[in-house]
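What follows is a set of notes on a single structure, which appears directly below.
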Amino acid sequence: MSIISSIRDFLDETGKISRFAGRFFSHGLKPKFEIKELLSQCYLIGYMSLPLVALTGFIIGLVLTMQLRPSLVTYGVQSELPVMVGIAIVREVGPIITALIFAGKIASSIGAELGSMKVTEQIDSMEVSGTNPFKYLVATRVIATSLMLPLLTILADAIALFGAYIGVNIKSVTNIKFFFMQVFESLSYSDIIPAVIKTVFFGFAVGLIGCYKGFNSTKGTQGVGKSANSAVVLSSVLIFVLDLLTVQLTNLLGFN
Amino acid sequence: MEEKLNTNNETESQKNEPVIVMSNLYKAFGDNKILEDFSLSIQREESVVVLGKSGAGKSVLIKCIIGLLTPDKGSIKVLGEEVTGLDEDGLAAARKKIGFLFQANAIYDSMTVRENLEFPLRRHWTDLNETEVLEKVKEALESVGLEHTIDMMPAELSGGMLKRVALARTLILKPEIMLYDEPTTGLDPITSKEIDQLILTLQKKLKTSSIIISHDMSCVKVIADRVVILLDGKCYAEGTYKELESSDDPNINQFFQ
């Protein structure tokens, strides 16, 4: 009985999120756009996430290199370390780690912000003031997350590669120009473009889930906390599901 | 001359028309019936206080008027226009004429007082320039005695000050109708009295018609031209404060004890 009820709840929630996404496309993308709020959100969501994303990218690049090196040494192919690390970072590690960090920081903050606005009737007040809260709050945030995550991922990839260069230089000496030449020679557009495109979907998922949870927050501070928490959990799970789907799709299209 | 007379008669008849007419309203949340066949009219420049127990549906009633909730059945006419079936644009136009003071103030806590007041102004009156916007903001704050808070954040203000800012934000658009959702709840008696007086002064100054939801009987006594008691989803009784205060009906009496 509880399994059936869980399945029903899951399907119910999926339906509600799909309807929320549909409302974004049908209402949120219609003029008149809230350009000022969109730019403000791009600054808050993108620029303010830079230090965290940069630090995480650097550490991931460094650690990945240090972890891979012993295995490659065993097979005598340590010279391929920049190639392996480069492909891993650009195709998978960079996008997924950045998206997860982004989900942790942004989905929770959107969920909590909109949740508290909902319970303190600020969203109703906005509606009474002649503003469509869906356009002002949801559309701007979802567009901002969809635009900013790809940019943050490109930056995180670059910093992770620099971290990898430091990692390579811990045990051996490599010229930075030679390191990056090796990395870029091994990379093709079919590695970079699908990886960047999928982060647009990751960003969309983070923004949409954060807004959905905040907008549907139940009364009280406990409800706000729950919204923030479930926004992170659900958007992180959705990132993995989308990643799985993109890998399948890129395989089908022959990009791998 | 005859034409002028006709126009005057028309204006006079318009003046006598009720500004809000609610007829046979029904609203339920699942099995919980909130409003059942509720009807009420509000005359121009009249202040009507709606009394009722917690959960009786007082807030639901005024949220139906402003279009935040849609009644299941019935009609709501605001200034002669039916608002229940309006689309997004129609509702936005109707809301220009209606002010709503939220129980918890609903001040945007990420914006300064100035930005809070500018928010509805810039959306409803798009043709105003920066100087005109600032003038209107200052004028609204001055009317509630808070011009010095213009660049402060809501977190820096007291409960009474927040209520005044919320009132200024609502009145900045000079609405013809005001809906107050428990304007003095959570305030100390002295601040409550100040808010009552402020509401009264502003109502006289702006000549607004109002519906006030309140539990605060001192507020009701000061503000109300007419008191309506909402019971079991219906308009149980209505009259002046004095009339209802002297009633023998225990359902009415309980509010005045």
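The values are calculated or read from the model by the stated rules, or taken from the named source; none is laboratory data. Since the structure is predicted, the reported quantities are computational estimates derived from the model, not experimental observations. Every residue, glycine as well, gets a Cβ built from its backbone with ideal geometry; the counts of neighbours run over all protein chains shown.
Listed values, structure above:
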read-out: Among (1) within 14 Å of chain A (Cβ to nearest Cβ); (2) under 20 Å from the mean Cα position of the chain (by Cα); (3) outside any loop (DSSP other than H, G, I, E, B) - the single one B:GLN197 does not satisfy; value: (1)
read-out: Residue within the stretch A:66-75 that is farther than 18 Å from A:VAL200 by Cβ and under 24 Å from the mean Cα position of the chain (by Cα) present; value: no
read-out: Residue count for the stretch B:94-104, restricted to those that are crowded, with 24+ Cβ neighbours inside 10 Å and out of contact with any strand residue (DSSP E or B) (no Cβ under 8 Å at 6 or more places or on another chain); value: 1
read-out: Hey, B:LEU134 assigned to a helix (DSSP H, G or I) and under 18 Å from the mean Cα position of the chain (by Cα) or not; value: no
read-out: Any chance B:ILE76 is under 24 Å from B:VAL165 (Cβ atoms) and either under 12 Å from the mean Cα position of the chain (by Cα) or in contact (Cβ under 8 Å) with a residue 12 or more places away in the chain (or both); value: no
read-out: Some residue of the stretch A:154-171 being buried (at least 19 other Cβ atoms within 10 Å of the Cβ) and within 14 Å of another protein chain (Cβ to nearest Cβ); value: no
read-out: Residues (surrounded by fewer than 19 Cβ atoms within 10 Å (Cβ to Cβ), more than 18 Å from B:ILE190 (Cα to Cα) and of a type outside the set (A, V, I, L, M, F, W, C)) located in the stretch B:143-170; value: B:GLU147, B:HIS148, B:ASP151, B:GLU156
read-out: Breaking point among (1) within 14 Å of chain A (Cβ to nearest Cβ); (2) in a strand (DSSP E or B); (3) among the polar types (S, T, N, Q), for B:ASN24; value: (1)
read-out: Sole residue being β-branched (Val, Ile, Thr), surrounded by fewer than 14 Cβ atoms within 10 Å (Cβ to Cβ) and closer than 24 Å to B:SER158 by Cα, chosen from B:ILE190, B:ILE212; value: B:ILE190
read-out: Residue list for the stretch B:94-114, filter: aliphatic (A, V, I, L, M) and either more than 8 Å from chain A (Cβ to nearest Cβ) or not in a loop (DSSP other than H, G, I, E, B) (or both); value: B:ALA94, B:ILE98, B:LEU101, B:MET111, B:VAL113
read-out: Selected residue (only one of B:ILE76, B:ILE66, B:ILE107 is farther than 30 Å from B:PRO250 by Cβ and touching a Pro at 6+ places or on another chain (Cβ under 8 Å)); value: B:ILE107
read-out: Considering residues of the stretch B:50-93 that are within 11 Å of chain A (Cβ to nearest Cβ) and modelled with pLDDT under 90 only, the residue surrounded by the fewest Cβ atoms within 10 Å (Cβ to Cβ); value: B:ASP89
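So that you can scan it fast, the table gives a plain yes or no per residue for (1) more than 21 Å from B:SER210 (Cβ to Cβ); (2) within 13 Å of another protein chain (Cβ to nearest Cβ); (3) β-branched (Val, Ile, Thr):
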{"residue": "B:HIS124", "(1), (2), (3)": "no, yes, no"}
{"residue": "B:LYS136", "(1), (2), (3)": "yes, no, no"}
{"residue": "B:GLU156", "(1), (2), (3)": "yes, no, no"}
{"residue": "B:MET161", "(1), (2), (3)": "yes, no, no"}
{"residue": "B:ALA166", "(1), (2), (3)": "no, yes, no"}
{"residue": "B:ARG169", "(1), (2), (3)": "no, yes, no"}
{"residue": "B:LYS174", "(1), (2), (3)": "no, no, no"}
